[in-house]
1. Quick one: how many residues across the stretch A:398-429 are over 14 Å from A:SER138 (Cα atoms), open to solvent by 20 Å² or more (accessible area, probe 1.4 Å) and without any contact (Cβ under 8 Å) to a residue 60 or more places away in the chain?
2. Filter the stretch B:84-104 down to the residues that are open to solvent by less than 40 Å² (accessible area, probe 1.4 Å) and within 21 Å of the chain's Cα centre (by Cα), then identify the one that is nearest to the other protein chains (Cβ to nearest Cβ).
3. Would you check if B:LEU78 is more than 8 Å from chain A (Cβ to nearest Cβ), open to solvent by less than 30 Å² (accessible area, probe 1.4 Å), over 21 Å from the mean Cα position of the chain (by Cα) and modelled with pLDDT of 95 or more?
4. Considering the stretch A:250-269 alone, what residues qualify as being of a type in the set (A, V, I, L, M, F, W, C) and in a strand (DSSP E or B)?
5. Read through the list (1) buried (at least 21 other Cβ atoms within 10 Å of the Cβ); (2) away from every other protein chain (no Cβ under 12 Å); (3) in contact with a Lys or Arg (Cβ under 8 Å, 6 or more places away or on another chain); (4) not basic (Lys, Arg), then give the number of the only condition that A:ASP432 fails.
6. Do we have any residue at all in the stretch A:9-30 that's touching a strand residue (DSSP E or B) at 6+ places or on another chain (Cβ under 9 Å) and under 17 Å from A:GLY407 (Cβ atoms)?
7. Only one of these conditions is not met by A:LEU471: (1) over 30 Å from A:ARG271 (Cα atoms); (2) in contact with a helix residue (DSSP H, G or I) (Cβ under 6 Å, 6 or more places away or on another chain); (3) part of a loop (DSSP other than H, G, I, E, B). Which number is it?
8. Can you name the condition, by its number, that B:ARG190 falls short on among (1) away from ligand 4 (no atom under 15 Å from the Cβ); (2) touching an Asp or Glu at 6+ places or on another chain (Cβ under 9 Å); (3) open to solvent by 50 Å² or more (accessible area, probe 1.4 Å)?
Amino acid sequence: MNKPFAITLDVGSSRANKTGSWRTERPVYTDRLPPCNNACPAGENIQQWLYQAEDGAEGGYEAAWRQIMADNPLPAVMGRVCYRPCETACNRAQLDEAVGINSVERFLGDEAIKQGWTVPVDATPSGKRVLVVGCGPSGLSAAYHLTRLGHAVTIRDANDRPGGMMRFGIPQYRLPRGVLDAEIERILAMGVTLELKSTVHDGEALLKEFDAVFVAAGAHIGRRAYIPAGDSARILDAVSLLHGVEEDEPPLLGRRVAVYGGGNTAMDAARTARRLGASEAVVVYRRTRDRMPAHDVEVREALDEGVTMRWLSTVARADGGRLLIEKMQLDDAGFPQPTGEFTELAADSLVLALGQNADLSVLEGVSGITFDDGGVQVSPDLMTGHPGIFAGGDMVPGERTVTVAIGHGKKAARSIDAWLRGTSASHQPRHDLAPFGDLNTWYYEDAPVTVRPELEAARRVSTFDEVVGGLDRATALYEARRCLSCGNCFECDNCYGVCPDNAVIKLGPGQRYEIDYAYCKGCGMCVTECPSGAITMEPEET
Amino acid sequence: MPYQHVTFHQTGSLAVGGRLLTDDQRSVQSGRRRSNSLTLGHRACQGCGEALGARYALDAVQRATGGQTIAVNATGCLEVFSTPFPETSWQLPWLHSLFGNAPAVASGVAAALKAKGRTDIRVVGQGGDGGTVDIGFACLSGMFERNDDVLYICYDNEAYMNTGVQRSGATPPAARTATTEAVGPEPGNRFGQGKNVPLIAMAHEIPYVATATVADLRDLEAKAERAMEFRGARYLHVLVPCPLGWGSAPKDTIEVARLATQSGVFPVFEAEDGEVVGVSPIRHRVGVRDYLRTQRRYAHLFQPDERTDIIDRIQRGADRNIKRFGLLPAGVQEESAS
Ligand SMILES: Cc1cc2nc3c(=O)[nH]c(=O)nc-3n(C[C@H](O)[C@H](O)[C@H](O)COP(=O)(O)OP(=O)(O)OC[C@H]3O[C@@H](n4cnc5c(N)ncnc54)[C@H](O)[C@@H]3O)c2cc1C
Ligand SMILES: Cc1ncc(C[n+]2csc(CCOP(=O)(O)OP(=O)(O)O)c2C)c(N)n1
Ligand code: SF4
Ligand code: SF4
Ligand SMILES: [Mg+2]
């Protein structure tokens, strides 16, 4: 032994001292469910595609778009018409303002159309034939997903053009038809057969021709209300009005138009009336603004375009050129009650926007099928009481939006696939929600939301040009990067950096990290300092 | 200037790393090949701020010197938890002599290197607040006065932790330690005593003096690297919360340091040749209560009755720091002064 003076032992490293034995709790990486994902009726993995979009033009946008397409085949449409439940749920709203998820989605959808991105069909053909009744969002979504699962799909629709309410309801100033056509065309080009002007009458008979049927015939019948009317009164319903405009045969409305109802359809009818030349478009609604079913943005945009509102009012009688309006008052339960007070409103026509009923005739008389709430009864996997016949979208009870319809299409496709293969659709267990309180917001930059440009007012009342503009590459990137990545690691290196015991192993780009439990003392600093709340402490097993 | 944060990504450069940053925007600590001057298996308590601060600072110095650094350590936790004979956690040449002489030993090492013509090898002296502001202070002041080519780093945990939390010249007013108990009309450490060594170092007009905390890694790294651009005596004073001595949760070490800066209790600044040249502005201002509440050493200010008189006095001290160093840019509002 040749050691220096007074040295008796070889130098050793403290690595021999496995400090992991001190631990009573251990940090564990988790993936939590971001509130945006949780809220999306189409089941999009929003946090994931925003993360991909953060990489920007170098492949990031395309990867993000493909991630959306895994769930939703109509991003450019959704980026315009969705009512954005994701943004309502977004955690960032508690910090400054919600992430502009919808505007990034629109940017990605438009980018895909511009670049001609397509989705390949690589499943082996199953040899099964599926019929989809109705070429609205629900039918299109089902057809898209079924095709990707290897089934041969035919869509039959009563109309002369595809799209359902996206075309014959939602006006062009909110959804330009070029965008709608491009996204529908992309689905059809995957090998879907579309038969237009072919109304389906007998659902049950179809099972002789097809292995399974998905019925998504929507809700098109404008609801009527009994209103005493004189002979010269001009009364029509909102759905027919919007349909007529789309067919280039707008009905004559006159100069002063009253719209009866307080939903989004009422707003669209009033805004359309303005564009058709009405100098006055008045919405008559029984309750107050805060009770209106129409979304805030839609009301605001309508007001911006000179639409006026009569709250707490019902139409008691319609005559040529004038309406008799009764004032209402809300009772303690919030229901409107008549007051016996009347006023007059000059109006050349009255448009009823009181909601739509589903035309259930396709399924009436089919054995096993039952109806409720004005819709078809379906099981959680969207099968009707008749084996092999599934239904979704506006014709089943529930919320009626394009997004819900798309989600139903996806779900039905999976259920039909499982049913055809004799298996059951697999349900992945849901992660726990990622609450705002678990974020360490210190680390996020202050970054206000990007405001989408809007068309100037003059052009909004004279043309059907799109009102709301989109983001450009720079603003889309900025907006995507506002995402806090709730509950999911985004590789900021904080855990790796803040561990006083060097017990976090960085695995490299895309690989995230690992805890070195031989040395981790369980202080929990990585958990506290993780911005996204993607690490939790769990009690150590004893 | 203190580190200017990059502000264009979701976390910009507030976090340790980030996949969207370019290589030159990454911190030393984010690198998979950082030198880990203090390696695995050391015996510091859970959540020890001193262990973290030492790795942050020395890894940055090692990067700045290309791995050509010798460290001289005073007695204290940092020495005891890293080197129980014959083990060591240090992955750089490292010497320990006594509690009170680290600055003098470091001066000696620098003189020896100079004599050997090896001024490419740089010297860091380091120790706790006790070893620096109290017992080692004469050696430190001499080192400053001679302008010896040493960077001295004080890891300030505001008491003698290694021997059981006794008061030091860096212990703040009202804090309870083993020797300043929470009894009597003015419980805890007295007001108006103690030393502000960063300001004393500046009075020596040495080339570089800076304060930092474990809550702002980028700033700490930038200062360690900046210090190595100078020759002569340099001083870096790093606030390192001690969960054991402060009675704070081990998981909150960085958060506690952050609150110290955001309340104005601990001003973060930088000085060259005796003049302040930059400060780290407060980003989200908090009242001192938010800081004090995180630590059991201040528990007697909140129970059985809240000692508003004492808390207000501490607040006035923080306000004075804010004013004196200009820590509050226009527009930063108090978030909670509850
Ligand atoms: C004016 C208006 C504006 C709206 N705006 C929005 C909005 O901004 N955002 C939003 O999310 N939602 C909006 N909605 C709701 C949305 O349009 C619907 O919820 C959605 O289109 C429903 O999709 P679906 O596929 O179930 O039915 P639909 O879109 O109605 O499609 C059903 C299709 O089935 C066809 N069909 C019906 N019967 C038969 C048959 N027997 N044989 C063959 N084909 C048949 C129809 O021709 C139609 O093409 C709006 C609705 C209206 C009326
Ligand atoms: C001359 C002398 N006096 C007392 C001690 C005992 N002692 C060892 S470490 C220490 C306190 C260290 O306090 P500080 O420098 O603040 O470092 P910390 O442990 O807090 O990091 C004391 C008093 C000693 N080693 N030598
Ligand atoms: S911040 Fe991002 S992950 Fe969190 S809810 Fe909003 S969009 Fe989703
Ligand atoms: S007593 Fe404090 S300074 Fe010493 S090892 Fe423990 S936490 Fe670190
Ligand atoms: Mg100390």
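1. Matching residues across the stretch A:398-429 total 8.
2. Applying the filter and picking the extreme gives B:SER89.
3. no
4. Taking the stretch A:250-269 and keeping what is of a type in the set (A, V, I, L, M, F, W, C), we get A:252-253, A:257-259, A:266-267, A:269.
Answer for the stretch A:250-269, where residues must be of a type in the set (A, V, I, L, M, F, W, C) and in a strand (DSSP E or B): A:VAL257, A:ALA258, A:VAL259.
5. (1)
6. No: the stretch A:9-30 contains no residue that is touching a strand residue (DSSP E or B) at 6+ places or on another chain (Cβ under 9 Å) and under 17 Å from A:GLY407 (Cβ atoms).
7. Among (1) over 30 Å from A:ARG271 (Cα atoms); (2) in contact with a helix residue (DSSP H, G or I) (Cβ under 6 Å, 6 or more places away or on another chain); (3) part of a loop (DSSP other than H, G, I, E, B), the lone unmet condition for A:LEU471 is (1).
8. (2)
The values are calculated or read from the model by the stated rules, or taken from the named source; none is laboratory data. Note that the structure is a prediction, hence the values are computed from the model and not measured. Quick reminder, even Gly has a Cβ in these numbers, built from the backbone with ideal geometry, and neighbours come from all protein chains shown. For accessibility, only protein heavy atoms count, side chains too; no ligands or nucleic acids. Shrake-Rupley method; radii C 1.70, N 1.55, O 1.52, S 1.80 Å.
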